Amino acid sequence: MKLIDSLVTQAAGIAAVRRDLHAHPELCFQEVRTADVVAAKLTEWGIPIHRGLGTTGVVAIVKNGSSPRAVGLRADMDALPVTELNTFAHASQHAGKMHACGHDGHTSMLLAAAQHLAKHRNFDGTVYLIFQPAEEGGGGAREMIKEGLFEQFPMEAVFGMHNWPGMKAGQFAVSPGPAMASSNEFAITIRGKGGHAALPHTGIDPVPIACEMVQAFQTIITRNKKPTDAGVISVTMIHAGEANNVIPDSCELKGTVRTFTLEVLDLIEARMKKIAEHLCAAHEAECEFRFHRNYPPTINTAAEANFARRVMAEIVGAENVLVQEPAMTAEDFAFMLQAKPGAYAFIGNGDGSHRDMHHGGGPCMLHNASYDFNDDLIPLGATCWVQLAEQFLQGPKAPEGTAA
Ligand SMILES: [Zn+2]
Ligand SMILES: [Zn+2]
């Protein structure tokens with residue numbers, strides 16, 4: 001493994017920052033202390049920063065030479081509403097909040113890269129280091145873009161990285177095409193007519209309509225979309241009724257839809273709406289159908305994903321740069337990839353054996369209360385960031401208009 005020496009030397013100091021962030025987790029758009037820590041470190045290293053984009057976002061600007069070229073590197077800063085089961089020294093000090101997705105580690109890897117890039121300046125151009133809020137459902141990336149991220153800091157491409165438990169530490173995965181799915185929510189209200197459960201003919205029972213609807217939705221997956229296209233419909237909540245002997249007035253269904261393309265998403269949404277409304281009509285009930293598109297699919301552009309693979313192979317060897325199997329989870333870096341070419345990569349977090357004594361009894365998996373980020377990744381992830389930035393700025397510029 002070819003790590004950058006100075007990143008190995010400074011790793012312990014950055015790991016201490018990571019553990020401090022882990023002990024003080026903050027939820028979506030509340031990353032005030034975290035942004036303060038990030039800003040203080042960057043300022044200590046003499047790096048100009050811009051604060052407050054998307055509420056708590058921080059952008060560090062590391063410039064060198066005269067080239068107008070620029071590239072963006074992004075980390076997320078927010079924690080999750082999870083009660084940590086680990087009781088080691090750096091466990092969360094805030095009940096009900098936890099860095100269970102490793103964003104403390106992502107922030108730290110990018111800080112380490114910022115420190116190195118500012119000190120060594122072995123490039124010609126500008127590296128923008130983006131520390132974003134609210135990845136976990138808040139769409140912090142979307143908010144930063146809305147507030148002018150790419151106008152204020154024009155960059156040719158943007159890269160993101162997430163730790164991936166179960167993949168070995170020392171391995172990366174990134175591939176062209178979909179990395180993660182679009183995430184969408186629906187809520188359907190079936191309005192029937194309540195009445196005595198022993199006299200069903202006097203009312204319109206919404207419960208059997210809901211049951212038919214759940215079954216019918218699955219035919220969209222098996223009969224309407226192409227079998228080779230990925231898509232998930234999960235009805236995760238059905239709420240109706242209060243008594244054994246009363247037919248309820250209404251029934252509410254909620255759930256999530258995941259797809260890798262907007263075409264499949266359009267199809268699923270349209271078919272769900274039609275099935276819901278027509279099933280209700282067939283039973284003389286009323287239907288209220290709501291569908292909300294939360295995060296779009298995270299799609300890596302081919303040139304940037306393949307470029308990242310080459311850079312990673314130089315660091316860990318080609319055999320340790322895996323094909324990225326697309327995941328049906330979602331990621332708000334998708335918004336950045338809708339605006340700019342780029343790639344979202346995974347960095348192996350290992351099997352959990354890195355965890356300190358007194359970790360929780362659960363697995364070291366994302367969003368698990370026994371999870372912890374693997375500090376060994378700090379010099380590796382930071383080496384990858386530095387190499388990506390330096391080599392991107394040296395490489396050929398993509399012709400105007402080819403990126404999308
Ligand atoms: Zn997460
Ligand atoms: Zn995450």
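The values are calculated or read from the model by the stated rules, or taken from the named source; none is laboratory data. Bear in mind the structure is a predicted one, so any value in this text is a computation, not a measurement. For neighbour counting, all protein chains shown are included, and Cβ atoms are generated from backbone atoms with ideal geometry for every residue, glycine included. Surface areas here come from the heavy atoms of the whole protein model, side chains and all, with no ligands, DNA or RNA. Shrake-Rupley method; radii C 1.70, N 1.55, O 1.52, S 1.80 Å.
A few comments on the model shown:
Every residue, every condition in (1) at positive phi; (2) more than 20 Å from the chain's Cα centre (by Cα); (3) part of a strand (DSSP E or B), yes or no:
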{"residue": "S175", "(1), (2), (3)": "no, no, no"}
{"residue": "I188", "(1), (2), (3)": "no, yes, yes"}
{"residue": "I209", "(1), (2), (3)": "no, yes, no"}
{"residue": "M213", "(1), (2), (3)": "no, yes, no"}
{"residue": "I233", "(1), (2), (3)": "no, no, yes"}
{"residue": "M237", "(1), (2), (3)": "no, yes, yes"}
{"residue": "E242", "(1), (2), (3)": "no, yes, no"}
{"residue": "L253", "(1), (2), (3)": "no, yes, yes"}
{"residue": "E263", "(1), (2), (3)": "no, yes, no"}
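- Being assigned by TED's automatic domain parsing to the domain that holds L337 and among the small types (G, A, S) holds for only one residue in G203, G160, G195, and it is G160.
- Neighbours by Cβ (under 6 Å, 6+ apart or cross-chain): first from region 135-146, within 14 Å of V158 (Cα to Cα) and at pLDDT 95 or above; second in a loop (DSSP other than H, G, I, E, B) and within 12 Å of ligand 2 (Cβ to nearest atom): A141/D332
- Residue in region 117-124 that is out of contact with any helix residue (DSSP H, G or I) (no Cβ under 9 Å at 6 or more places or on another chain), within 15 Å of ligand 2 (Cβ to nearest atom) and open to solvent by 30 Å² or more (accessible area, probe 1.4 Å) present: no
- Look at (1) surrounded by fewer than 24 Cβ atoms within 10 Å (Cβ to Cβ); (2) of a type outside the set (D, E); (3) part of a strand (DSSP E or B) and you find that A345 fails only one, number (1).
- Among residues that are more than 16 Å from ligand 1 (Cβ to nearest atom) and either within 23 Å of E304 (Cα to Cα) or modelled with pLDDT of 95 or more (or both), A89 is included.
- Among residues of region 83-103 that are farther than 15 Å from G352 by Cα, those with a Cβ under 9 angstrom from a residue that is away from ligand 2 (no atom under 16 Å from the Cβ) and charged (D, E, K, R), sequence gap 6+ or separate chain, pair up as A89/R19; A89/D356; H90/R19; H90/D20; H90/D356.
- Selection of region 58-69 for residues being open to solvent by less than 10 Å² (accessible area, probe 1.4 Å) and touching a Lys or Arg at 6+ places or on another chain (Cβ under 9 Å) yields V58, V59, V62.
- Flag if I49 is surrounded by 20 or more Cβ atoms within 10 Å (Cβ to Cβ) and either in the same structural domain as R355 (by TED's automatic domain parsing) or of a type in the set (V, I, T) (or both): no
- Residue check: A95 meets all listed conditions (1) more than 16 Å from ligand 2 (Cβ to nearest atom); (2) closer than 23 Å to Q394 by Cα; (3) of a type in the set (A, V, I, L, M) but one, namely (2).
- Subset of region 126-165 (residues that are away from ligand 2 (no atom under 16 Å from the Cβ), closer than 17 Å to Q391 by Cβ and either in a strand (DSSP E or B) or of a type in the set (A, V, I, L, M, F, W, C) (or both)): T126, V127, Y128, L129, M155, A157, V158
- Any chance M161 is within 27 Å of R309 (Cβ to Cβ) and either surrounded by 19 or more Cβ atoms within 10 Å (Cβ to Cβ) or of a type in the set (A, V, I, L, M) (or both): yes
- Sub-9 Å Cβ pairs linking a first residue in region 381-394 that is open to solvent by less than 10 Å² (accessible area, probe 1.4 Å) to a second residue that is basic (K, R), at least 6 apart or interchain, are T383/K2, ordered by first then second residue.
- H116 being at pLDDT 95 or above and in a strand (DSSP E or B): no
- Annotation: L73 fulfils all but one of (1) in contact (Cβ under 8 Å) with a residue 60 or more places away in the chain; (2) open to solvent by 10 Å² or more (accessible area, probe 1.4 Å); (3) assigned to a strand (DSSP E or B); (4) not basic (K, R); the unmet one is (2).
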